[in-house]
Amino acid sequence: MAKRRTSSASLQLGHSVAQPASPEAARLDRVPNPHADANYVARFTMPEFTSICPVTGQPDFAILVIDYVPNKWLVESKSLKLYLNSFRNVGSFHEDCTVGIGKRLKTLLAPRWLRIGGYFYPRGGMPIDVFWQTGKLPTGVWIPDQGVAPYRGRG
């Protein structure tokens, strides 16, 4: 794993950066949490997540929702966007995408709590939703619903 960068000069933010060829090649940046003494939730929603089916080579589409209670670090959003977009180039099952993203963020940030929901559109006529979490939710933290309705093909 690449060395973790924290100085603003080494961040991808504010610089022209090429799209990474794969999630492994993508660099995730972290920045210090200015409110490390407080328990709060940060949420990232990626409504147009795309990966490739490793069997058929066809695109898969999902809504990803990442919620976390930061500790000392925050993920820098541009680097997260580039990382998530890099899945467009590789074959990966839904479970591998969702759990792999969660584990990588856990390793980078060491959050107090993190959950990720991967709400994939139907493949072969069946939607697949994947959920993963780590850590213990601090007492008194408000966790909103992820806001993605269950799949209803004909409403």
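The values are calculated or read from the model by the stated rules, or taken from the named source; none is laboratory data. Because the structure is predicted, anything quoted here is derived from the model rather than measured. With ideal geometry, Cβ positions are generated from the backbone for all residues, glycine too; neighbour counts draw on all protein chains shown.
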_I need a count of the residues in the stretch 125-153 that are in contact (Cβ under 8 Å) with a residue 40 or more places away in the chain and not in a loop (DSSP other than H, G, I, E, B)._
1
*Quick one: what pairs do we get from the stretch 77-92, first residue on the phi < 0 side of the Ramachandran plot, second part of a helix (DSSP H, G or I), C-beta under 6 Å, 6+ apart or different chains?*
Phe87/Cys97
*asked:* Could you go through the stretch 105-124 and let me know if any residue there is within 11 Å of the chain's Cα centre (by Cα) and closer than 17 Å to Glu24 by Cβ.
replied: yes
*Tally time: how many residues in the stretch 102-119 are in contact (Cβ under 8 Å) with a residue 60 or more places away in the chain, in a helix (DSSP H, G or I) and closer than 20 Å to Ala62 by Cβ?*
2
*Restricting to the stretch 88-101, what's the tally of residues that are part of a helix (DSSP H, G or I) and of a type in the set (Ser, Thr, Tyr)?*
1
*Under the condition of being surrounded by 12 or more Cβ atoms within 10 Å (Cβ to Cβ) and under 19 Å from Asn85 (Cα atoms), which residue from the stretch 1-18 is modelled with the highest pLDDT?*
Val17
*Report yes if some residue within the stretch 49-62 is in contact with a helix residue (DSSP H, G or I) (Cβ under 7 Å, 6 or more places away or on another chain), under 20 Å from Ile143 (Cβ atoms) and in a strand (DSSP E or B); otherwise report no.*
no
*asked:* Can you list residue pairs whose Cβ atoms sit under 8 Å apart, with the first residue in the stretch 28-51 being over 16 Å from Ile116 (Cβ atoms) and in contact (Cβ under 8 Å) with a residue 60 or more places away in the chain and the second being in a loop (DSSP other than H, G, I, E, B) and among the charged types (D, E, K, R)? Count only pairs 6 or more apart in sequence or on different chains.
replied: Arg30/Arg4; Arg30/Arg5; Arg30/Glu76; Asn39/Arg112
*If you check Leu114, Leu82, which single one turns out to be at pLDDT 95 or above and within 18 Å of Asp129 (Cβ to Cβ)?*
Leu114
*Scan the stretch 10-48 residue by residue and report those that are closer than 30 Å to Trp142 by Cβ, in a loop (DSSP other than H, G, I, E, B) and of a type outside the set (Asp, Glu).*
Leu11, Leu13, Leu28, Asn33, Pro34, His35, Ala36, Ala38, Asn39, Tyr40, Val41
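Table: residues versus (1) closer than 17 Å to Arg43 by Cα; (2) surrounded by 18 or more Cβ atoms within 10 Å (Cβ to Cβ); (3) among the hydroxyl-bearing types (Ser, Thr, Tyr).
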{"site": "Tyr68", "(1), (2), (3)": "yes, yes, yes"}
{"site": "Glu76", "(1), (2), (3)": "yes, yes, no"}
{"site": "Asn89", "(1), (2), (3)": "no, no, no"}
{"site": "Leu105", "(1), (2), (3)": "yes, yes, no"}
{"site": "Tyr119", "(1), (2), (3)": "yes, yes, yes"}
{"site": "Phe131", "(1), (2), (3)": "yes, no, no"}
{"site": "Trp142", "(1), (2), (3)": "yes, no, no"}
